[in-house]
Structures are given as C-alpha cells and as structure tokens.
Amino acid sequence: MAGKTIQPEYQEFLEWCRRRADAVSRKAVVIAENVDNSNRTGHLYRGYLAAVHFLRENPNVQAWLRGLGLSEQQPFDHRSPYFAAAWSAFIARHGAKHAILKHILPERYGGLTKTGGGGAYPFQVALRLAAEFLAQTAPEAPQRLAVKIPAKYRMVRRRNFDRDYPALDELKALYEHRCQVCQQRLELGREKYYCEAHHLRPLGREHRGPADTSNVVVLCPNHHAEFDFFLFAILDYDGTKRKLEHMMRELAAGERELLVRHTIAPEHIDYVTEQFLARLDLQKES
C-alpha cells in the first residue's frame, strides 16, 4: 500500500477494528498491518471500498450479515441468495469502478478466475466488518414521507400503458408474496410481506412490453435486480417449474428453478433468453 492515498474513512475503519475484541476484527488488523506477511493489505483496502459501496446499495444484505455476527465459526455463505444475487447485480452495474476486484476475487465473487488472486478472504473479512461499521457510524436516516400509490399509473410519453396494481397484488398473493426463484419473502410486520413484480419484457422504451400478468414474475428485491439486467435465462419446463441459468455465477440449490403457478406468455420468456444471449455474447467479446 506504500505510495497510495488511503481514504480517511478506511483509516477510521481500521481504528474501529483495533478497538474491538472479536476474531474477525483482529484478523482485519493482522491483514492491514501485514503481520502474517501475506501481502494482502491492498486486497483488504479494495475489498472494503467495494463492500461499503455494495452495502449502502443493499441494506437488506447488510442486515443479514449483521445477523450472522462476527465469529470465525459463523462465516457467511457466498452462495446464499441474500448475498449472491445482490452481489452479481452490483458487479453488473459497477464492475468498471471496482475493476481490480476482477483480479483479486474468484469467479463466484465476480472475479475472472476460479481461484482469484488471493483476495477472497480479505474481502469476506472487509464485507462482514463493514456491515457492522456502517451500522454504528452512519448518521440516523431522515424520516420519509408516506406516499400513496394510485391504483392505476398511466405513462403518456412515447407509449401509453397501464399498470394494474390490483392484478399485481392478486399475483403476489398467489405466490404468498414469495420470490418465484428463491421462495424467500420479506416480513414487514404481522401478516405483512414485501415482494416485487418484475416485467419480463420491460415496459416502455425499446422493449415495449405489455403490462398484463402474462409478462410478470414475482421476485425478491435481489433477484429482481438481476432480472432487470437480464442476468437470468429461463429455460425449459419441468412440471410447474422452469430451469434457470445465470450469466455470472453458479446458482445455489434454492435458486435454480422458477416456480410457475400462473400463465406466462412464451414470447416473453423467449425475449428474456434473447436478451441474455445477446449480453453473454457482448461479455465474451470484451
């Protein structure tokens, strides 16, 4: 790290680690000071910068990581849908900004090779600690005003379409407000749950997808982000399920299929696959 300008926030983070007694914080200090002669100080720094950026965009993942605690006996599973889906979408959006991660992380973390350049463990350490550090040092969030969403939303530029919110609510209820990929749902209170409706062929602009439910799947926020970037291909039927393939990572056991209880128009599934293949070709060319 000699000769490099270190962000003050990272220095504050290291001081915070030095004041703590848990095993993960001690490991961060060992890596940062190169006590073990592993020469991974830069990996920890770059991993921290990416972790902070990632967690600020994904507060639900931050809450999940904090729930795991900071025991070395309780490592997080990178294959968990809570992490993997959000991280893949993050890399798709910000991979250029954090390009060095492509060289120090293995493929499952958005890197270029099976093993990476030795930065996987420092990244895990930075990610877990950053989740707790941000929670303890972030200013209190301002109160948000409640906004009532109308039953219908009409877009008049370029193309007119309606979003039929009652129909989407019925579709979410059909899946018990669970993601059709991972079967997870976010609990907001007593008998209150949160999930999102995703249009396979997006509405408006160049995609010009329809607003009816034959073009909609119910997803958690993490998988919704990945579908927005066409990182999933929807493959052949297997009873009431469709097999899934991901562009950037190996899917965990609980996210390899799309549960289907309503009619999805084949042309919308074909459109998703076409977009997936087009982006895959561009990725191979780059």
Starting from the stretch 210-230, take each residue that is more than 21 Å from Arg261 (Cβ to Cβ) and list its partners that are of a type in the set (Lys, Arg), counting only C-beta distances under 9 angstrom and pairs at least six apart or across chains. Ala225/Arg93; Phe229/Arg93; Phe229/Arg279; Phe230/Arg279
Among what's in the stretch 178-215 and is in contact with a Lys or Arg (Cβ under 7 Å, 6 or more places away or on another chain) and within 14 Å of Tyr271 (Cβ to Cβ), pick the residue that is modelled with the highest pLDDT. Asn215
Identify all residues within the stretch 107-136 that are at positive phi and without any contact (Cβ under 8 Å) to a residue 60 or more places away in the chain; write none if there are none. Gly116
Output yes when any residue across the stretch 113-133 is at pLDDT 85 or above, within 21 Å of the chain's Cα centre (by Cα), assigned to a strand (DSSP E or B) and within 18 Å of Pro59 (Cα to Cα), and no when none is. no
If Arg93 passes every condition in (1) in contact (Cβ under 8 Å) with a residue 40 or more places away in the chain; (2) assigned to a helix (DSSP H, G or I); (3) touching a Leu at 6+ places or on another chain (Cβ under 9 Å); (4) not acidic (Asp, Glu) but one, which one does it miss? (3)
Considering only residues that are at pLDDT 85 or above and surrounded by fewer than 14 Cβ atoms within 10 Å (Cβ to Cβ), which ones fall in the stretch 237-253? Glu250, Ala253
So which of Ala50, Ala85, Ala2 ends up being surrounded by 18 or more Cβ atoms within 10 Å (Cβ to Cβ) and modelled with pLDDT under 85? Ala85
Which pairs turn up if I take residues in the stretch 53-80 that are within 16 Å of Gln136 (Cα to Cα) and not assigned by TED's automatic domain parsing to the domain that holds Leu186 and look for partners that are at pLDDT 75 or above and hydroxyl-bearing (Ser, Thr, Tyr) with beta carbon separation below 8 Å, at least 6 apart in sequence or on another chain? Leu70/Ser25
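The values are calculated or read from the model by the stated rules, or taken from the named source; none is laboratory data. The structure displayed is predicted, hence computed values, not measured ones. Cβ sites come from the backbone with ideal geometry, for glycine too, and all protein chains shown count toward neighbours.
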